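Heads up: the structure comes next, in structure tokens.
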Amino acid sequence: MIEMLKEADSRGSKFVVFPELALTTFFPRYWMDDRTRPKSISENQMPTPETAPLFELARSRASAFYVGYAERHGRGRQAASFNTSILVGHAAG
């Protein structure tokens, strides 16, 4: 994704759209009896240490991006996963 953002920037684009659930598998795809299982394929914060370089690159190049990811709320049996999307980037002013 970092390379895609760099390439888009080199071609003059300032906005990149990444696909739904770009960071993980499509979590509703399989029935899961264990409600704690989605913890391994979802994020409870954004950016994460793994995605921070993408956010930093967008900031440094005054670019923006849209990304969908699996978001997790709650803990243990009360946890729930959501198909979330966010818009990140430079606000033209």
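Throughout, read-outs are computed from the coordinates displayed, never taken from laboratory work. Everything quoted here is computed from the prediction, not taken from an experiment. All Cβ positions, glycine included, derive from the backbone under ideal geometry; neighbour counts span all protein chains shown.
For Ala64, nonlocal amide neighbours, meaning residues 5 or more places apart or on other chains whose placed amide H falls under 5 Å from its own, are Phe15, Val16, His90. Packing, as the average of other Cβ atoms within 10 Å across residues, places the peptides 61-68, 2-9 in the order 61-68, 2-9, highest first. Under 5 Å between amide hydrogens, built in the peptide plane, is the criterion, and for Leu23 it picks out Ala70 among residues at least 5 positions away or on other chains.
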